[in-house]
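Below: the structure, in structure tokens.
The values are calculated or read from the model by the stated rules, or taken from the named source; none is laboratory data. Note that this is a predicted model, so its numbers are computed, not measured. No Cβ is skipped: glycine too gets one built from the backbone with ideal geometry, and neighbour counts run over all protein chains shown.
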Amino acid sequence: MAQVSVTVNGKTHTANVEPRLLLVHFLREQLNLTGTHIGCDTSQCGACTVLVDGRSAKSCTIFAVQADGSEITTIEGLARDGRLHPLQEGFWEEHGLQCGYCTPGMIMSAVDLLNEHPSPTEREIRDGIDGNFCRCTGYEHIVNAIQYAANKR
Amino acid sequence: MAASLVLPKLVGQRIKRREDPRLIQGRATYVDDIKVVGMQHLAFVRSDIAHGRILSIDTSAADAMDGVEAVFTGAQIAELLAPMPILTPFPSPDHRAVAVDIVRYVGEPVAVVVTADRYVARDAADAIVVDYEQLPAVVDPEQAMTGTPVVIHADFADNLALPFLPGGTGVAADFTVDDTVVDQAFADAEVVVSQRMVNQRLAPTPIETRGVLAHFEPGKGTMTIWSSTQNPHTLRTFIATMTGLGQDQVRAIAPEVGGAFGAKINIYPEEYVAAALSKRLGLPIKWIEDRSEAFVATTHGRDIIGYVDIAARRDGTVVGLKLRLIADIGAYNMLLTAAIPTLTMQMASATYDIPAIRATLTEVFTNKTPTAAYRGAGRPEATYFVERAMDMLARELEMDPADLRRKNFITPDQFPYTTQMGAVYDSGDYGKALDLALQNAGWADLKKQRDAARAKGRLVGLGLSMYVEVCGVGPSSSFPSGGWEYAQVTIERDGRISATTGASPHGQGNETTFAQMLADQFGVPLEHITIHHGDTGVVKQGIGTFGSRSQAVGGTALHLAGGKVKVKMAKFAAALIEAHEDDLVFEDGMISVKGSPESGKSFADVAKYAYVPVPLPKGLDPGLSEEAFFEPANNTYPFGCHISMLEIDRETGEPTLLRLVAVDDAGHLINPLIVDGQIHGGLAQGIGQAMIEEFRYSEDGQPVTGSFMDYAIPRAADFPRFELDNTVTPTPVNPLGAKGVGEAGTLGSTPCVVAAAVDALSEFGVKHIDMMLRPEKLWRIIHGGQP
Amino acid sequence: MIPTAFDYQRATSLDDALAKLSASNGAGKLIAGGHSLVPLMKLRLSEPTMLIDIARIPDLAGIREQDGTLEIGAGTVHHDVATSPVLRQHCPVVADTAATIGDPQVRNRGTLGGSLAHADPAADYPAVMLALDAEIHLRSSTAARVVLARDFFQNVLTVDLAPDEIITAVRFAPVRAASYAKLYQRASRFAIVGVAAALDVSDGVIRSARIGLTGAVSHAVRLTTVEAALAGCEPTSRACAEAARLAGSDLEDINGDIHASETYRRAMIPVFTRRALDGALARLTVQS
Ligand SMILES: Cc1cc2nc3c(=O)[nH]c(=O)nc-3n(C[C@H](O)[C@H](O)[C@H](O)COP(=O)(O)OP(=O)(O)OC[C@H]3O[C@@H](n4cnc5c(N)ncnc54)[C@H](O)[C@@H]3O)c2cc1C
Ligand code: FES
Ligand code: FES
């Protein structure tokens, strides 16, 4: 067992975990933050994307112990004081989701994308969500959703 | 009382979805998000060989592992579970949820472990050692049909699951075949184009894999089963049967479902095993599929070979069509496996008035994952075979592909039109969809652009495809578990509306579209309506969401239930207002006499009265809740036209999709925003099939595309912006005039993209290219070889 | 998928990491970004019993310029390489290459050192390291040594790196006239073939060319025949196309898989060599 202490959505959690515990399982099973999903086992689909120290990362490819001392933001931590994040708003307004399973990871990637490119081109948006699969939407409404958020900021 | 607000009509509006707030905040509950006290995890040991006899299973190491609750082999599971049931009428081999003595595909379960910890479950499963005697495997269906090198199921000679099913012109109800008309058509033809085509195997890959949580409560004797399924009511039926419980004792819940695309219609071994073991052990049991498992344990789609012959006159009139289908269904029949390719037969006439058609179907067992529905399920295959053949014919006759299509369309005055396959098309105006697509694409100009690009040495091609699909199942004669849908509408005591629907969605947005309908029907705000679904404890009956049926069939059931309540509510209101019920209007949250809004009573007032009816109006019972079963007299047949432009890199063979223009006609649309989303998703999958998706096996039956490292699904950067438009040809089959749109995008896009690739490479003399458009394949054509 | 159990230690400094590594008696496995190792562990294709985490060692990451030489710390993540102003200015090919790796999330975690140590036959960095004739700096608890990229990559997933050694940095002389061209495998996005070309041009003549190839054979290699053919040529598109034609012709055991047969891969080597050379030429033009 190893001790980890991480700050998730502003709240610090300390726990004893098996070193092999994946961050995504730590978030989902131990902290009950089930908004972060799992869609593959080869680190490709991006359903598990969270922000680790501000950067998008696939929490299925990080051991919880590796994140010790980090600041993590999950989809649950995005809305502030009951107000949706502009990206959440964009996804809602532009119908950027269907089954919603990819959505939390997609939004977290988009947060990082907009941090890097506040006014992204369509190309930059499409490349910026390269690490996130959506099987439902064909991506076009997701692109619109991110553009919506970019225009809003 | 005056109306406080004026409510706009919502049907037909681009309303943003009501399901989204929970989904965008990570507050939705998918099956893996559910925990029950005492919950155990189930893990499967799966065959890693394609065909073999199980010699021994050593579970001792797993048994001894800390935290392992139980280990079961196939033989032990067989004591708890009867063979896997199916819904199709064809003969089917014995199929056990967990293999007992022979494994027939990589991924077939051979043993299971139950532990309190998910990680330990994997450790324990890995510690089980299975010893096999390898048997020869067969993966090519045409090879399998020779019965060599192996017969997979003893009672199925030459691996024929369904030896021969004929259909079309001259086929009698008893399946006797008279070929005279078809033969004559081909004899009289001036040109015949023939091609073998492969509609390749695909992995459906909803981003949420499957998962189940079964909770049998001893003492109470009831089972609650949560599953990522498209049809909780069907799940309930089969779980009850398989676990020896009554249907009243099983509650099946489809929580939030993360995509399905047909692959979650089937009721799977894992669901039965979880339920049976929960009952046996008296513990809640969860199983969540890994993606690696999903690639082999969730049904695949497509995998049909089509031998197409199309006969025509030189002026382009099609006089006959032959379609010989060989469907590779994998190692076993699942619930609906055998039925899917029959839909390909059924749609062999496509959008054309073809006087003579012979379609035949053979279904073959191979050592691969069983197939079943995948978005479109049988109809994309039909569209692909016929549209590719039409394209080849156009090329042969040096006709514009659009002109050839137009020449052969079933014309608007011919509807309802009975095809040679026996399908009765409800309504259509194919010429209109074609014209709009040509106009939106700028067809004439596009051809010039293509030619100009070619003059510069670029390999640019155009593709065009029509489609018509059969959807909105029923009637019940066309679906084995019933072709109806169920709904219940209740006006609650506070005047708000609860509705339940058997159409259990998984991304389609029914909570929004159904509420839009009710809002208009009752003249109340959307916010006053809640749509319940996906829980057999709440929704009394249902069939499910598949085959693009939820709006056309489920929506209609809801509309009818709503209509019934409305009639009753009007009676209560009439008594309250002292007016005649026929003079009342439901508007802006009020029920009032037409023309005198001040006479009105609010919904809440009327509801209150209906539940405490003093005095009780004569002839009325208290309460405002009605249900309806709706069974359509026929399927619906949406249609459309897709056009694409594609460029191929001459040096590498890499294809790039430049444009995709789609015109779709699904009749009346409830929410065009949601419809656009459905079309986008369908296009993505249809283009994915054409360009990058293919599930492949090695010759010895090992999957070689068993992860996202090797099986590509489209990413955002793979697509241009889609150019959508629609025509509206309502269906007479239901009062909404809605046809269904969930699968449409997968039909036209696939053949039109392949057609564009063939067009781009026409200078190399190529007439057809089998999917997918692997760069190497295209490169080989460019560099003088064959695809 | 779930990895097998292991012990975990985090190193606080390079010396600490080296000490832990040697104390582990061969059991210790370094983990940096984990983006090669963790996927393998999840599939149980790799089952280390002890991980030593070097991701937080301060000096291991960073991009520095020193006396005309560029140094990239082994712990630098792909994203930071891709967006480095120093690299963009002096040696953009490295940044370009990093930008083709995986996807944004992968680039946020995966490191240069991990990529080089893992040496996937289809990884991108090795090609560019060869083209830059980079030095790979290694440390063990007892010694430090430098291996040239061309000696470092030896076989499939095999490099000149002892179990007790850590890659600390790569160092190279920047080349502006260099570029990377990659044929993507459409599922994994790794390279079917990837070619990095670097040109040294003066007085209108190519003095030397260095070309690294990845994806095509068991490990990244230099295309020496093309390099030789280019030396002394004028830096023109035509000369490059001519020389590129030879690319790969002397290679044996070209990889073949379901995504690209041996024949196709072989044919793609000249194509991407020419594209890389054209890219390098374009930078030359911009420069002058
Ligand atoms: C979805 C996905 C897509 C990818 N696509 C690409 C791609 O397109 N192109 C590409 O090139 N790569 C790709 N990669 C691989 C990626 O670049 C990895 O990050 C990289 O190969 C490994 O770096 P790491 O820091 O993550 O190493 P780790 O996974 O931490 O370690 C990998 C190996 O290197 C060893 N190691 C790590 N650091 C050191 C060091 N400093 N000294 C000695 N040994 C060390 C470890 O012990 C281990 O054996 C992809 C990965 C994923 C998950
Ligand atoms: S679950 Fe993490 S990338 Fe798929
Ligand atoms: S909305 Fe279903 S996977 Fe993206």
Does A:Tyr148 fit the bill of being within 16 Å of ligand 2 (Cβ to nearest atom) and away from chain C (no Cβ under 14 Å)? no
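The rows are residues; the columns are (1) surrounded by fewer than 21 Cβ atoms within 10 Å (Cβ to Cβ); (2) more than 21 Å from C:Thr76 (Cβ to Cβ); (3) modelled with pLDDT of 95 or more.
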position	(1), (2), (3)
C:Gly113	no, no, yes
C:His118	yes, no, yes
C:Val156	yes, yes, no
C:Ala173	yes, no, yes
Any idea which of A:Val8, A:Val24, A:Val52, A:Val4 is farther than 25 Å from B:Arg210 by Cβ, within 16 Å of ligand 1 (Cβ to nearest atom) and modelled with pLDDT of 95 or more? A:Val52
Filter result for B:Ser477 (modelled with pLDDT under 95 and in a helix (DSSP H, G or I)): yes
Restricting the search to segment B:413-435, which residues are outside any loop (DSSP other than H, G, I, E, B) and in contact (Cβ under 8 Å) with a residue 40 or more places away in the chain? B:Gln414, B:Tyr417, B:Val424, B:Tyr425, B:Tyr430, B:Lys432, B:Ala433, B:Leu434
Of the residues B:Val11, B:Val45, only one is β-branched (Val, Ile, Thr) and assigned by TED's automatic domain parsing to the domain that holds B:Pro255; which? B:Val45
Mind checking whether some residue in segment A:25-36 is under 15 Å from the mean Cα position of the chain (by Cα), outside the structural domain of A:Ile146 (by TED's automatic domain parsing), within 16 Å of ligand 3 (Cβ to nearest atom) and in contact (Cβ under 8 Å) with a residue 40 or more places away in the chain? yes
Selection from segment A:106-121 of residues touching a Lys or Arg at 6+ places or on another chain (Cβ under 8 Å) and more than 8 Å from every other protein chain (Cβ to nearest Cβ) yields A:Leu114, A:Pro118
Enumerate the pairs (first residue in segment C:51-77 and within 13 Å of chain A (Cβ to nearest Cβ); second residue anywhere and within 14 Å of ligand 1 (Cβ to nearest atom) and charged (D, E, K, R)) with beta-carbon separation below 6 Å, excluding pairs fewer than 6 apart on the same chain, so at least 6 apart or on different chains. C:Leu51/C:Lys29; C:Ile52/C:Lys20; C:Asp53/C:Arg10
Inter-residue pairs, beta-carbon under 6 Å, first within 13 Å of chain B (Cβ to nearest Cβ) and closer than 10 Å to A:Leu22 by Cβ and in segment A:54-78, second at pLDDT 95 or above and away from ligand 2 (no atom under 14 Å from the Cβ), 6+ apart: A:Ala64/A:Val4; A:Ala64/A:Val17; A:Ala64/A:Leu21
Hits in segment A:110-147 - residues which are under 20 Å from B:Glu723 (Cβ atoms) and more than 16 Å from ligand 3 (Cβ to nearest atom): A:Thr121, A:Glu122, A:Arg123, A:Gln147
Quick check: anything in segment C:79-87 without any contact (Cβ under 8 Å) to a residue 24 or more places away in the chain, part of a loop (DSSP other than H, G, I, E, B) and more than 9 Å from every other protein chain (Cβ to nearest Cβ)? yes
Just checking, how many residues over segment B:678-717 are touching a residue at least 40 places away in the same chain (Cβ under 8 Å), within 8 Å of another protein chain (Cβ to nearest Cβ) and in a loop (DSSP other than H, G, I, E, B)? 7
Within segment B:718-773, count every residue that is in a loop (DSSP other than H, G, I, E, B) and either hydrophobic (A, V, I, L, M, F, W, C) or within 14 Å of chain A (Cβ to nearest Cβ) (or both). 16
Going through segment B:113-125 in order, the residues found to be within 34 Å of the chain's Cα centre (by Cα) and either more than 14 Å from chain C (Cβ to nearest Cβ) or free of Cβ contacts under 8 Å to residues at least 60 places away in the same chain (or both) are B:Val114, B:Tyr119
Let me spell it out: the conditions are (1) touching a residue at least 60 places away in the same chain (Cβ under 8 Å); (2) more than 21 Å from the chain's Cα centre (by Cα); (3) buried (at least 19 other Cβ atoms within 10 Å of the Cβ), and C:Val193 meets all of them except one. Which number is the exception? (2)
Output the number of residues of segment A:113-133 satisfying the condition of being within 16 Å of ligand 1 (Cβ to nearest atom) and not aromatic (Phe, Trp, Tyr). 6
Among the residues of segment A:88-105, the number that are facing another protein chain (nearest Cβ under 8 Å) and not in a loop (DSSP other than H, G, I, E, B) is 6
Residue list for segment C:231-264, restricted to those being touching a residue at least 40 places away in the same chain (Cβ under 8 Å) and either in the same structural domain as C:Ala127 (by TED's automatic domain parsing) or within 20 Å of C:Asp203 (Cα to Cα) (or both): C:Pro235, C:Thr236, C:Ser237, C:Cys240
